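The values are calculated or read from the model by the stated rules, or taken from the named source; none is laboratory data. The structure presented is a predicted model; accordingly, all values stated were derived computationally and were not measured. As a convention, Cβ positions derive from the backbone with ideal geometry for all residues, glycine included, and neighbour counts pool all protein chains shown. Ligands, DNA and RNA are stripped out before the accessible areas are found, and what is left, the full protein with its side chains, is counted by its heavy atoms. Shrake-Rupley method; radii C 1.70, N 1.55, O 1.52, S 1.80 Å.
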Amino acid sequence: MIPPRTAHSARTVRLSRRSGLRTAAAAALALPLAAHAVTAHAAPAPAADDAQDGRALRTMTFNLRYASDTPPHSWPERRPVTRALLRRERPHLIGTQEGLYAQLRDIAEDLGRPRYDWIGTGRAGGSRDEFMAVFYDTRRLAPLAYDHFWLSDRPELIGSATWGNTVIRMVTWVRFRDLATGTEFFHLNTHLDHQSQHSRERSADLIGERLRGLDTGLPRLVTGDFNVPAHGNPVYDALLTGAGLTDTWEVAERRGKLYATFHGYGPLVPDGDRIDWILASPGVRVRHAEINTYSRDGRFPSDHLPVQALLEL
């Protein structure tokens with residue numbers, strides 16, 4: 001494993017396009033949060049005993065959908081809904097996918113500094129391309145070390161892609177201390193390829209290898225958009241059986257209604273495929289799991305639904 005860097009936040013500007021097709025992020029408008037938003041869909045809030053329990057860690061995985069200035073789902077249109085969602089839920093830990101640098105700065109501003117901070121780097125290095133950024137509540141979590149690796153035969157080479165995927169894929173990982181409990185844990189956040197099954201399988205194997213190289217005495221969390229349904233796919237099997245993880249949705253003591261986590265801004269699909277997962281090492285108690293369907297005036301914050309889990313490490 002490459003030596004970890006001392007934790008700090010990314011401070012760079014996103015310039016490139018995904019697969020040469022995406023437009024650069026527009027400067028988002030700083031719109032006020034509506035005090036009484038009309039909500040078309042809203043996931044139920046955690047039970048009062050969960051929300052007030054200082055041991056419970058609120059976690060989220062969220063494919064943000066990269067920032068575009070093209071309506072009808074441009075970032076300036078979606079930003080106020082994203083802001084409202086995140087302020088409503090106040091996760092302690094968020095693994096994000098697809099965020100562009102300017103977009104991530106907007107989210108950091110909307111969550112509020114110094115309460116929230118984030119760690120990440122662009123897939124192509126520095127501020128370039130999308131991030132697997134990790135946001136965290138500084139009042140609850142302290143990063144002790146972090147690093148990145150690329151999902152390829154050369155994982156330490158920035159921007160490398162060798163498994164048939166045309167889009168760069170990577171992992172950001174952080175070792176945290178939970179300030180409420182004193183527990184330390186590892187969090188890995190990723191986004192697997194959307195086209196190549198071979199790349200996804202090799203990526204799952206590499207993530208498992210890296211997890212086995214960590215301090216196995218500490219809890220491990222893995223968040224991401226895996227681009228395959230849970231169950232019935234070698235990627236899922238490799239991460240659960242090979243990497244020794246559990247699917248927090250499956251082992252949760254309570255969970256909400258199942259929806260396909262990718263909706264593409266269309267109607268929600270009950271009992272659809274979960275391609276966005278929060279995985280955990282055995283021994284992590286999962287008190288509640290939820291697929292968040294929050295929208296406002298018919299607008300969703302992303303083309304994916306955030307997935308949340310209330311954990312005890």
> Looking at the stretch 144-165, which of its residues are among the acidic types (Asp, Glu) and in a loop (DSSP other than H, G, I, E, B)?
Replying inline: 153, 156
>> For the stretch 56-71, give me each residue that is touching a residue at least 12 places away in the same chain (Cβ under 8 Å) and either open to solvent by 10 Å² or more (accessible area, probe 1.4 Å) or in a strand (DSSP E or B) (or both).
In response: 57, 58, 59, 60, 61, 62, 63, 65, 66, 68, 69, 70
> Out of all the residues in the stretch 124-135, which are crowded, with 23+ Cβ neighbours inside 10 Å and either more than 24 Å from residue 159 (Cα to Cα) or in contact with a helix residue (DSSP H, G or I) (Cβ under 9 Å, 6 or more places away or on another chain) (or both)?
Replying inline: 129, 130, 131, 133, 135
>> Condition (residue is at positive phi and either part of a strand (DSSP E or B) or not acidic (Asp, Glu) (or both)) applied to the stretch 166-176: is it met by at least one residue?
In response: no
>> Only one of 113, 105, 139 is assigned to a helix (DSSP H, G or I) and of a type outside the set (A, V, I, L, M, F, W, C). Can you tell me which?
In response: 105
> So, of the residues in the stretch 159-196 that are charged (D, E, K, R) and in contact with a Lys or Arg (Cβ under 6 Å, 6 or more places away or on another chain), which turns out to be least open to solvent (accessible area, probe 1.4 Å)?
Replying inline: 193
>> Name the residue that is farthest from residue 207 (Cα to Cα), counting only residues in the stretch 271-311 that are basic (Lys, Arg), out of contact with any Ser or Thr (no Cβ under 7 Å at 6 or more places or on another chain) and touching a residue at least 60 places away in the same chain (Cβ under 8 Å).
In response: 299
> What number of residues within the stretch 254-289 are under 18 Å from the mean Cα position of the chain (by Cα) and within 23 Å of residue 186 (Cβ to Cβ)?
Replying inline: 11
>> Could you check the stretch 240-284 and list, in sequence order, the residues that are acidic (Asp, Glu), out of contact with any Asp or Glu (no Cβ under 7 Å at 6 or more places or on another chain) and within 20 Å of residue 310 (Cβ to Cβ)?
In response: 247, 250, 253
